[in-house]
Structure formats: C-alpha cells, structure tokens
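Data first, discussion second: the structure below is written as structure tokens.
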Amino acid sequence: MKLAPSLLSADFGNLRAEAREVEPLADYFHIDVMDGHFVDNLTIGPPVVNALRRGLEKPFDIHLMIDYPIHYAPRFEVKPSDIVTFHVESEDEPFRTIEVIREMGCKVGISLRPVTPIAAVFPYLDLIDLILVMSVEPGFGGQPFMPQAVERIERLREEIGARPVVISVDGGINETNVGRVVKAGAELIVAGSAIFGQPDRITAMRRLIAAAG
Ligand code: DX5
Ligand code: ZN
C-alpha cells in the first residue's frame, strides 16, 4: 500500500512546511485542484502547485476536479513520476485528455464520482496508469466514507486484470476502513483529515499504514 496525504486538509497558509512534515512517510503528495464549477469549491491551481515543488522530493498526485482538463493540465510543471488525474465526467473528451496528459510526460489517471457507473472508465483501461475511485462526493475534505466504494474497487480490480493500472481511493479514509479498501484492491490510499486533522501527523500515518494490513 502506498500513501498520498491530501494537502486539502493542510494549512493553506503554510503548505510547504505542512507537506515537509508528512514527507518522510508519504509516497505522493495528493493535490486537489478545484475550479468552482466542476465541484462547488475553489482551491489552488498551477501557480501555487508549481511553486510548492521547491524543497519537496516526493512526486505529486494531482487530482483535477475541473471542467476543462485539456486546457489547464499542461500548465502544471510535472515530472515523469507525477500523476495527473482528471474526471471522466468533466467536459473534455477522455481519449484526447489522456493523450494531452501523456504528452506532458507524466502518468495519467482517471477518476470517477461515486454515482458514476464504473463501466465509464472501461474504455480507457489500456491507456491509463491509475483509476481514482472517489469514496465521497468530490469537493470537500472531512466527509464520511461511502462503503459502496469497496465493491466498486473489487469490480474494477477484476476488470483491470493483468493490466498495469493502479487503483487509488480518495475520501473519508481512516483507520476503520483502510483495511477494507486495500483488501478490495486499492494500492494508493489518499487521506486528508485522517492525517492533517491529527495533532501528530507522522503517528497518524503510521497508524493508517498499520491498519492497512
Ligand atoms: C475531496 C478530495 C479529497 C480530500 C480527502 O474532494 O478529492 O482528496 O482531500 O479528504 P478526506 O480524507 O478528509 O476525506
Ligand atoms: Zn482528491
């Protein structure tokens, strides 16, 4: 299991220091980019994300909750080990969006809202590196985990078969449910409030890793 702390739950006035604090146990930094249109919240965009990199080593897992990923994704300065994930429900055509992100020179992910049938991502399985299963309605940290995500992960795992596609899960993950999602087939775990909402973030991460089994 790999862990991606979601900076959405960090102190936005102190982002780099907060990221550094969790970096020792982080495999990726999960960065939530929201446009106030695709989801009902606004966060940070390319200027902040690109600046944040200085002084950080771990790769970025950029979760685009925006409507025109083709237009905005290339503004992120990525490295080959970074992941840029867009939503299958967003305005741009997914095959073309995959191509554009691939041309940026990083890994490509597709995410889907809890209400979207998982079959919506089946046509792209040969072209992507990661599927980000949302276990809350995207937009805000700190929401309760939706247990139907477990079965969705299991079914996706089956459909993926031997393809080199990682399943990630995002939303409401904590010590009580991380074991279930990992058992179902999730390999990259995103957690925001379960890490940054705790007084000792490193201890919180250790506990999540231990609970993952
Ligand atoms: C929600 C974001 C998540 C969020 C998760 O739309 O995509 O990455 O930060 O936060 P928690 O772990 O608190 O649900
Ligand atoms: Zn996210």
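The values are calculated or read from the model by the stated rules, or taken from the named source; none is laboratory data. None of the values given here were measured: they were computed from a predicted structure. So basically every Cβ, Gly included, is an ideal-geometry build from the backbone, and we count neighbours across all protein chains shown. Areas reflect the complete protein model, heavy atoms only, side chains present, ligands, DNA and RNA absent. Shrake-Rupley method; radii C 1.70, N 1.55, O 1.52, S 1.80 Å.
Assorted remarks:
- Straight-line cross-link reach from K2 at under 17 Å between alpha-carbon atoms covers these lysines, not counting any fewer than eight positions away in the same chain: K58, K107, K183.
- Here the Kirkwood formula, the inverse mean of 1/r across different C-alpha pairs, assigns segment 2-211 a hydrodynamic radius of 16.8 Å.
- Heavy-atom accessible surface of segment 2-211: percent carbon and sulfur, 1.4 Å: 52
- Karplus 3J(HN,Hα) series, Hz, for segment 154-163 with 6.51 cos²θ - 1.76 cosθ + 1.60 (x for Gly, Pro): 4, 5, 5, 4, 4, 5, 5, x, 8, 5
- Working from label points 7 Å from Cα in the Cα-to-Cβ sense, the A17 to E91 distance is 3.8 nm.
- Relative contact order [Cα under 8 Å, 6+ residues apart], the chain, whole percent: 20
- I167 contributes about 0 Å² of solvent-accessible surface, heavy atoms of the protein only, 1.4 Å probe.
- Average accessible surface for the chain: 43 Å² per residue, computed with a 1.4 Å probe over protein heavy atoms with every protein chain in place.
- Accessible-area rank, largest first, for D32, D11: D11, D32, with all protein chains present and a 1.4 angstrom probe.
- Rounded to whole Hz, the Karplus (6.51, -1.76, 1.60) HN-Hα couplings of segment 139-149, x for glycine and proline: x, 9, x, x, 8, x, 4, 9, x, 5, 4
- Computed extension length for I118-D200: 25.9 nm, one decimal, from 0.36 nm per residue of separation with the Cα-Cα distance subtracted.
- When nucleic acids and ligands are ignored and a 1.4 Å probe is applied, K58 ends up with an accessible area of around 60 Å².
- A 1.4 Å probe over all protein chains sorts R163, R53 by accessible area into R163, R53, starting with the largest.
- Under a 5 Å amide H cut-off, with hydrogens placed 1.01 Å from N, V166 pairs with L130, I131 among residues at least 5 apart or on other chains.
- For Q143 and M1, a Förster radius of 22 Å and the Cβ-Cβ distance give a FRET efficiency of 0.55, rounded to the nearest 0.05.
- Rounded to the nearest 0.05, the FRET efficiency derived from the C-beta distance between D27 and R163 at R0 = 30 Å is 0.90.
- Computed with every protein chain present, the accessible area of E159 is close to 80 Å² [probe 1.4 Å].
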